[in-house]
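Notes for the one structure printed next.
The values are calculated or read from the model by the stated rules, or taken from the named source; none is laboratory data. Quantities reported herein were computed from a predicted structural model and do not represent experimental measurements. Cβ placement follows ideal geometry from the backbone for every residue including glycine, while neighbour counts extend to all protein chains displayed.
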Amino acid sequence: MTDRRKFVKLSLLSSAAVLAGNKLMGKATPASYVVPPTVKDNPIVISTWPFGKPANAAAWEVLRKGGRALDAVEAGVRVPEADPHNQSVGYGGRPDRDGRVTLDACIMDENSKCGSVACLEHIVHPISVARMVMEKTPHVMLVGDGALQFALANGLKKENLLTPKSEAEWRAWLKDHKYKPVINIENQLPGGESNHDTIGMVAMDKNGNLSGACTTSGLSYKLHGRVGDSPIIGAGLYVDNEVGAATSTGVGEEVIRIVGSHLVVELMRQGHSPEDACKQAVERIVAKSPAAAREAQVGFLALNKKGDFGGYALQKGFSYAVRNGNLNTVIESKYHYV
Ligand code: ASP
């Protein structure tokens, strides 16, 4: 039997067992919503883009030892945050049009606790600041200088995040683009690279608990102070431990308009598979902003309580990394505009 088939079989067996258990315990289930059974002892982590693969490896180290999904996603996304070669997340991220690297990040756990930072400068690991906001304050979100002061007060070091490569590219961009932010399209940078990308990661641990993290330097050469979807709970990330978790990447403005990740989770609650929920969220963007959608990239990624996962994007090119007991791979997402 292939690994995938074994996995599906295991999922079905566990589903049947949990459903039977619920019946025995006389649990009522609303007509429109069947609580998905959890696959315990079968951890999984998924994350956006091929650079999710090394991030998943760090998360997997936590999950395979029986650790908590929250610790796994924080450890996972810290990998690209610290990587100077990754120009869309953390240290080495492309700056705004003023040459300032401003970071957005959020984190959410199985108890719906969440924390977030936006427009944070000088800190390599915004995800860990987001977690401290969640765990050490009564708030959900800190921004700008307040977020920086909070990070420094909690022992984090102030660093220069603008690497020579990102600075040189920004200076070259200034010459041609005359200080106008890049309109939100992929392949507008020299060499046809993307002007955006984010790591969004969601995981389920051996206890069947879900958590997620999302972190980015946002759109390159954005206006100073611009905040995308990534640190917005419900837009760039959402976790509902009864149902599933979702995250997004791409043009944040389009994701915020439809509160994308929350929408994906609610569609899964209605019984849609992760891929279908992501597809419907993409179609919602197309319906709400048809002109902008043609020119933009958005990708959604989702995981449900059974350990099923899927993604969907507006345009060709989105891919995501998956790691569980059987798989360690990058998958090309399906997309809307063929
Ligand atoms: N979603 C990010 C933002 O809008 C960028 C990206 O994922 O490409 O800031």
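Taking residues in the stretch 221-238 that are under 14 Å from Gly115 (Cβ atoms), and partners anywhere that are modelled with pLDDT under 95 and more than 9 Å from the ligand (Cβ to nearest atom), not one pair has Cβ atoms closer than 9 Å while being at least 6 places apart or on different chains.
How many residues, within the stretch 240-271, are more than 17 Å from Tyr320 (Cβ to Cβ), more than 16 Å from the ligand (Cβ to nearest atom) and not in a loop (DSSP other than H, G, I, E, B)? Residues flagged as more than 17 Å from Tyr320 (Cβ to Cβ), more than 16 Å from the ligand (Cβ to nearest atom) and not in a loop (DSSP other than H, G, I, E, B) within the stretch 240-271 amount to 4. Among the conditions (1) within 16 Å of the ligand (Cβ to nearest atom); (2) small (Gly, Ala, Ser); (3) at pLDDT below 95, the only one that Ala172 does not satisfy is (1). Counting only residues that are modelled with pLDDT of 95 or more, touching a His at 6+ places or on another chain (Cβ under 8 Å) and within 13 Å of the ligand (Cβ to nearest atom), the stretch 220-239 holds 1 of them.
Taking the condition crowded, with 24+ Cβ neighbours inside 10 Å, within 14 Å of the ligand (Cβ to nearest atom) and modelled with pLDDT of 95 or more, does Ser217 pass? It is true that Ser217 is crowded, with 24+ Cβ neighbours inside 10 Å, within 14 Å of the ligand (Cβ to nearest atom) and modelled with pLDDT of 95 or more. Cβ separations smaller than 6 Å between residues 6+ apart or across chains give the following pairs from the stretch 264-285 residues that are over 13 Å from Glu242 (Cβ atoms) to residues that are surrounded by fewer than 20 Cβ atoms within 10 Å (Cβ to Cβ): Leu267/Gln280; Pro274/Asp308; Val282/His336. Identify the residue in the stretch 145-161 that is part of a helix (DSSP H, G or I) and among the small types (Gly, Ala, Ser) and, among all such residues, is surrounded by the fewest Cβ atoms within 10 Å (Cβ to Cβ). The extreme case among them is Ala153.
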